[in-house]
Amino acid sequence: MSILLGVDIGTSGTKTIAIDATGRLLAQASATYPCHHPKPLWSEQDPEDWWSAAQKTIRAVVKQGKFKPAEVKGIGLSGQMH
């Protein structure tokens, strides 16, 4: 089976989905992380939180979708960081 993953690394959390070649949703997972405000009008996040959330949600969709990591044929990423 060919599986595609979509990983959205957003400002409040990461969302990951797994779909098959027909577009059927197989699994989805999300994880949140904090946004720090050290000064007025400032916002900061720790990239380690993004990385941890991506790993957590990818592992979760593999487990929930009951497929092997080797079946993943593509990964689409989106993120808010510049």
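The values are calculated or read from the model by the stated rules, or taken from the named source; none is laboratory data. On a predicted model such as this, the values are computed, not experimentally measured, just so you know. Counting neighbours? That spans all protein chains shown, and the Cβs are built from the backbone with ideal geometry, glycine included.
Out of the residues in segment 47-82 that are under 19 Å from Thr11 (Cβ atoms) and among the acidic types (Asp, Glu), which is nearest to the chain's Cα centre (by Cα)?
If we take residues in segment 47-82 being under 19 Å from Thr11 (Cβ atoms) and among the acidic types (Asp, Glu), then Asp49 is nearest to the chain's Cα centre (by Cα).
Between a first residue in segment 1-20 that is surrounded by 15 or more Cβ atoms within 10 Å (Cβ to Cβ) and among the small types (Gly, Ala, Ser) and a second residue that is part of a strand (DSSP E or B) and at pLDDT below 95, which pairs have beta carbons less than 9 Å apart while being 6 or more apart in sequence or on different chains?
What qualifies is Gly10/Gly79.
Would you check if there is a residue in segment 39-50 being exposed (fewer than 14 other Cβ atoms within 10 Å of the Cβ), aromatic (Phe, Trp, Tyr) and either touching a residue at least 40 places away in the same chain (Cβ under 8 Å) or on the phi < 0 side of the Ramachandran plot (or both)?
Looking for residues that are exposed (fewer than 14 other Cβ atoms within 10 Å of the Cβ), aromatic (Phe, Trp, Tyr) and either touching a residue at least 40 places away in the same chain (Cβ under 8 Å) or on the phi < 0 side of the Ramachandran plot (or both), one finds at least one in segment 39-50, hence yes.
Which residue pairs have Cβ atoms closer than 8 Å, lie 6 or more positions apart in sequence or on different chains, and pair a first residue in segment 60-82 that is over 12 Å from Ser2 (Cβ atoms) with a second residue that is of a type in the set (Ser, Thr, Tyr) and outside any strand (DSSP E or B)?
Note: pairs meeting the criteria are Gln80/Thr11.
Residues in segment 24-38 that are loosely packed, with under 13 Cβ neighbours inside 10 Å, touching a strand residue (DSSP E or B) at 6+ places or on another chain (Cβ under 9 Å) and under 26 Å from Ile3 (Cβ atoms): how many?
Result for segment 24-38: 2.
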